[in-house]
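> Handing you a structure now.
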Amino acid sequence: MTTAPLTSPVDGVTIGPARVADGADLWRIARGSGELDLNSPYSYLLWCRDFADTTAVARDTSGRPVGFVTGYLRPDVPGTLFVWQVAVEGSHRGTGVAGTLLDALSDRVAAEHGLHRIEATVTPGNLASDRLFRSYARRHRADLTQEVLFPAAAFPTAGHESEVLYRIGPLGSPEA
């Protein structure tokens, strides 16, 4: 079950589920983000096929993807959506697209699967993601807790920051 696209606060941008054809664009947007760990182009194609119901894509007036949120439902923690990646093309950053994507995805997942909590990891230097998840928690009147999930030493190469787990929930009704 998929819902109709939503219009975002940005004129002409719509939010909807992922399609396999979006995979290359999601890879392009992730590569251009400057913040994300870039996965292979193949993984974005698979993501758009296998996790389309837990992925949201923002499209401009021509239908071209300009942002996305990928996630999955944790099999061992029912009602918990883990947000894997959030990225918005440079021309649309700072316009509310990321927050709208996250709200649209969580609304869809809640309606289709039930949703009690969102989790994501954020590196300490990623201030935009920190603001995004704090703002989401405020809008949904939910607690936000943080703890290091993967310390820097857990990564196979030097230079990767620790990944801090953000837990948001229990989720309430969004503010009007």
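The values are calculated or read from the model by the stated rules, or taken from the named source; none is laboratory data. If you're wondering where the values come from, they're calculated on a predicted model, not measured in any experiment. Don't worry about glycine lacking a Cβ; one is built from the backbone with ideal geometry, like all the others, and counts go over all protein chains shown. Protein only, heavy atoms only, side chains kept; ligands, DNA and RNA dropped before computing areas. Shrake-Rupley method; radii C 1.70, N 1.55, O 1.52, S 1.80 Å.
> Wrap a convex hull around the Cα atoms of region 1-129, take a quarter of its surface area, and give that in square nanometres. Each step should come with its number before you reach the end.
Numbers: hull surface 30.1 nm².
Result: 7.5 nm².
> For residue 48, what charge total do you get from the other residues with a beta carbon under 12 Å from its beta carbon, if Lys and Arg give +1 and Asp and Glu give -1? Let's see the in-between values first.
Details: positive: 19, 49; negative: 22, 25, 50, 53.
Cβ neighbours under 12 Å give a net charge of -2.
> Another one. In the chain, which longest range has no trypsin sites (Lys or Arg not before Pro) that are both DSSP loop (not H, G, I, E or B) and surrounded by at most 15 other Cβ atoms within 10 Å? Each step should come with its number before you reach the end.
On the way: sites that count: 19, 93, 141.
By the stated rule (loop sites, at most 15 other Cβ atoms within 10 Å), 20-92.
> Something else: Please list 82, 51, 155 in order of solvent-accessible area, largest first, computed with a 1.4 Å probe with all protein chains present.
Reading off the accessible areas and sorting them downward yields 51, 155, 82.
> At 0.36 nm per residue, minus the direct Cα-Cα distance, what do residue 148 and residue 42 gain on full extension? Give it in nm, one decimal, please.
On the way: separation 106, 0.36 × 106 = 38.16 nm, distance 2.91 nm.
Stretched out fully, the residue 148 to residue 42 stretch lengthens by 35.3 nm.
> So, in nm, how far is label residue 20 from label residue 139 when the simple model puts each one 7 Å beyond its Cα toward the Cβ?
Calculated label separation equals 3.2 nm.
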